1. Using a cut-off of 14 Å between beta-carbons, work out the net charge of the residues near Gln111 (Lys and Arg +1, Asp and Glu -1, Gln111 not included).
2. Cα centroid distance between the range 43-97 and the range 118-165, in Å?
3. Quote the FRET efficiency, to the nearest 0.05, computed for Leu173 versus Thr113 with a Förster distance R0 of 45 Å and r equal to the Cβ-Cβ distance.
4. Which entries of Lys46/Lys99; Lys46/Lys131; Lys131/Lys168 show an alpha-carbon separation above 27 angstrom in the structure shown?
5. For the range 196-208, in order, what is each residue's ³J(HN,Hα) by Karplus, 6.51 cos²θ - 1.76 cosθ + 1.60 with θ = phi - 60°, in whole Hz (x at glycine and Pro)?
6. Check Gly172: other-chain or 5+ apart residues with amide H under 5 Å from its amide H, H built from backbone geometry?
7. Working out 0.36 nm times the residue gap between Asp161 and Arg68, then minus their Cα-Cα distance, what length gain in nm do you get to one decimal?
8. For Ser123, which sequence-distant residues (separation of 5 or more, or a different chain) have an amide H within less than 5 Å of its own amide H, given hydrogens modelled in the peptide plane?
Amino acid sequence: MRGTKTSERIVHVAPLKKSWSISLVLPLLCAVASPVAAQAPSADYKLSPGDQIEVYVWGDERLQRAIRVLPDGSFTFPLVGRVVVSGLKTTDVEAMISKSLSSQYNGQPPQVTVSVQQPTGYSYSIIGRVKQPGSFTPMRYVNVLEALAAAGGPDEFANLDNVSIVRKSGSGLTTVRVRLGGIMKGNIPAAAAKEIPQIEVGDTVIVP
């Protein structure tokens, strides 16, 4: 792709010492990766375009709004104007709106609550040799192993030592190579678990 920079790094997850069947590992990870397991985003969730949020200004029901974050990462709020929220936590947005409204409340910042009703920012895609390829929105951050589990696990011909995570990085793309062959054969010690890469917003996982 002309004008697009790419980079690559390789993550090797250490082999495992104790045996634990993949048939036991995948159902457990599917449970924690499933959207049903979490009804609301975690506290560290960062807003993204497409998110449906609710803004409530305490003491003034006229300023209660259900809002969809626009593709440019912003929305417009009464008496405040355009608010850029992409990449911010709900607490950050609450502080921004409260400060902007303070002049309307005799210099006293009102209490503002922002909640995420329909998150889209955790979305990622997984393609290739998995049983259920597609796009997923787990409502919380997951690692590449959990992402693989959410897709039903690898098929019998998958090359788990050459998994790729394609990630947008500024104006270019970054490719993270992950070797999961060893970890899919047994238990997951703490040291190995820390080496498993996290999935970021908009990532595409490719299982060859």
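1. Numbers: positive: Lys99; negative: Asp60, Glu61, Glu94.
Its environment carries a net charge of -2.
2. Here the two parts' Cα centres lie 29 Å apart.
3. Numbers: r = 37 Å, r/R0 = 0.83.
Efficiency, rounded to the nearest 0.05: 0.75.
4. Details: Lys46/Lys99 20 Å; Lys46/Lys131 29 Å; Lys131/Lys168 25 Å.
Listed pairs above 27 Å: Lys46/Lys131.
5. For the range 196-208, the Karplus-derived couplings read 6, x, 7, 7, 10, 3, x, 5, 10, 9, 10, 10, x Hz, x marking Gly and Pro.
6. Lys5
7. Numbers: separation 93, 0.36 × 93 = 33.48 nm, distance 3.98 nm.
Extra length from Asp161 to Arg68 when fully extended: 29.5 nm.
8. Those qualifying (amide H under 5 Å, at least 5 residues apart or on another chain) are Gly202.
Read-outs throughout are calculated quantities, based only on the coordinates presented, and are distinct from any laboratory measurement. Model, not experiment: these values are computed from the prediction. In this analysis, Cβ positions are derived from the backbone assuming ideal geometry, glycine residues included, and neighbour counts consider all displayed protein chains.
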